[in-house]
Amino acid sequence: MNVLLRSARIIDINSRYHNQKMDILISNGIIAEIGKKIKLPNNCKEIQLKNLHVSNGWFDTSVSFGEPGYEERENIKHGLEVAARSGFTKVALNPNTHPFIDNKSAVEFLIQKSAASAVELYPIANLTQGSEGKEMAELFDMRNSGAIAFGDYNKSIENANLLKIALLYVQNFEGIVLSFPQDAGIGLHGFVNESANTTRLGLNSIPNLSEELQVSRDLALLEYTGGKLHIPTISTSKSVQLIKEAKKKGLDVTCSVAAHHIFMTDEEIKSFDTNFKVTPPLRSEKDVRSLIKGIKDGTIDMIVSDHNPIDIENKNVEFEKGFYGTIGLESLFGSVSKKLDLEETISCLTEKPQKRFGLPVSIIEKDMNADLTLFDPDIEYIFQEVHINSKSKNSAFLGKELRGKALGIFSKNKLVLS
């Protein structure tokens with residue numbers, strides 16, 4: 001496919017064209033030319049969009065689609081279409097499925113199912129069999145089949161010895177272990193942040209301590225064993241501090257934060273809207289400030305949507321009974337752009353997650369592979385249901401003022417416009 005992108009401002013700190021407005025000619029998936037006023041070749045599609053910006057393709061490292069098992073929430077084919085229209089050329093798919101992704105056949109199913117999409121799907125496989133936290137799954141076989149990391153989605157590894165063994169074992173093949181940051185025994189029956197606000201509302205809570213105990217233990221094990229640890233969706237000030245100190249010691253640890261954890265606080269819970277019921281729970285304004293600071297100083301490596309479609313039957317219920325989760329692919333860029341500058345946002349969506357999970361980091365230069373996201377960082381709008389492409393509509397961002405929107409992607413020699 002041949003495409004000419006007209007007057008696109010390039011956002012790529014590793015490119016000589018960074019922050020310059022240029023034409024980009026793509027021929028058969030390769031950047032053939034970058035320059036001013038490139039002549040339109042024959043049999044070439046010309047793209048002219050208002051305030052067009054282009055970066056390397058975005059990568060969301062925490063996405064759930066339901067399939068197999070929960071196709072009423074979302075399926076792989078449509079979910080990847082949503083990702084493309086939201087600006088993502090790559091997603092890491094959580095093992096939030098039934099049956100679980102705990103064997104090589106399950107990993108291969110996901111890769112085969114996604115092969116025709118413009119979006120590259122990278123499976124995160126279960127660390128333990130049946131996601132039960134008892135016995136390790138077939139990690140080496142699943143790695144050879146295409147899994148990029150191993151963790152039980154939204155479940156902490158309660159057995160410290162199991163995590164120790166896993167961290168030691170994956171060193172044989174440069175594997176990465178994910179450990180969800182929540183001690184299951186603290187705030188066992190809670191579902192919101194522990195604060196004066198939630199106490200007044202009479203809701204059972206999950207204190208910051210629950211996360212911080214888990215993070216502290218996991219980092220102690222990492223220091224003992226070595227290996228690679230990734231802590232997804234941290235949410236508290238102390239977690240940022242603990243991980244910052246671990247990195248200073250030279251531990252091979254990375255972490256992510258969900259967009260909703262830097263965009264909103266537990267004040268949202270006053271409405272009893274189950275779209276705000278997420279895990280970890282929404283935290284305090286102090287925690288939000290610390291998370292944003294952690295992104296800016298490099299402690300937090302990546303920002304994710306933690307996209308988790310939930311069908312209306314499990315959301316349109318009493319708050320206590322509602323399932324955890326919010327969709328977030330469509331709103332990620334617009335929400336994060338309200339909190340961070342453009343270069344910080346793009347770095348946390350491209351180079352940093354790609355490096356951590358062992359993916360090639362492309363540069364917007366001539367003769368390089370065209371793996372691009374097209375976007376407008378300045379458009380302001382109120383996020384409404386009309387902006388949702390997902391099958392499930394459980395978004396915590398409905399009614400929020402966002403800034404910035406994806407316009408499409410070019411990936412795997414395919415153009416997808418929003």
Between Rg and the Kirkwood Rh of region 24-145, both from Cα atoms, what is the Rg to Rh ratio? 1.12
Equivalent-ellipsoid semi-axes of the chain, from the Cα gyration tensor, Å, largest first: 34, 24, 21
Figure the gain on full extension for I382 and E313 (residue separation times 0.36 nm, minus the Cα-Cα span) and round it to one decimal in nm. 22.3 nm
Ignoring ligands, DNA and RNA, please state the percent of accessible area on region 68-220 from carbon and sulfur, probe 1.4 Å. 49
At least 15 Å along the helix axis (C-alpha) and Kyte average at least -1.0, DSSP helices within the chain: 208-225, 237-248, 285-296
Cα-based Rg/(2.2 N^0.38 Å) for region 164-228, rounded to two decimals, is 1.46
Whole-angstrom gap from region 375-402 to region 261-309, using each part's C-alpha centre: 17
Note on region 170-321: the mean projected area of its alpha-carbon convex hull, in nm², is 9.4
Solvent-accessible area per residue for the chain at a 1.4 Å probe radius, Å²? 40
Going by Cα centres, region 122-142 and region 403-418 are how many Å apart? 33
Range of Cα positions in region 119-239 per principal axis (Å), largest first: 51, 36, 25
If you scale each eigenvalue of the Cα gyration tensor by 5 and take the root, what three semi-axes come out for region 62-128, rounded to whole angstrom and sorted largest first? 18, 12, 10
How big is the equivalent ellipsoid of region 323-406 along its three axes, where each semi-axis is √(5λ) from the Cα gyration tensor, reported in whole Å from largest to smallest? 26, 16, 12
Gain upon complete extension [E174, A116; 0.36 nm per residue less C-alpha separation]: 18.0 nm
Please give the FRET efficiency for K249 paired with A160, using the beta carbon to beta carbon distance and R0 = 22 Å, rounded to the nearest 0.05. 0.70
Taking the inverse of the average 1/r across all pairs of different Cα atoms in region 106-161, what Kirkwood radius in Å do you get? 12.0
Over the chain, what is the mean sequence separation of C-alpha contacts under 8 Å (at least six apart), divided by residue count, expressed as relative contact order in percent? 19
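The values are calculated or read from the model by the stated rules, or taken from the named source; none is laboratory data. Given the structure is predicted, the values throughout are model-derived calculations rather than measurements. We place every Cβ from the backbone using ideal geometry, glycine too, and count neighbours over all the protein chains shown. For accessibility, only protein heavy atoms count, side chains too; no ligands or nucleic acids. Shrake-Rupley method; radii C 1.70, N 1.55, O 1.52, S 1.80 Å.
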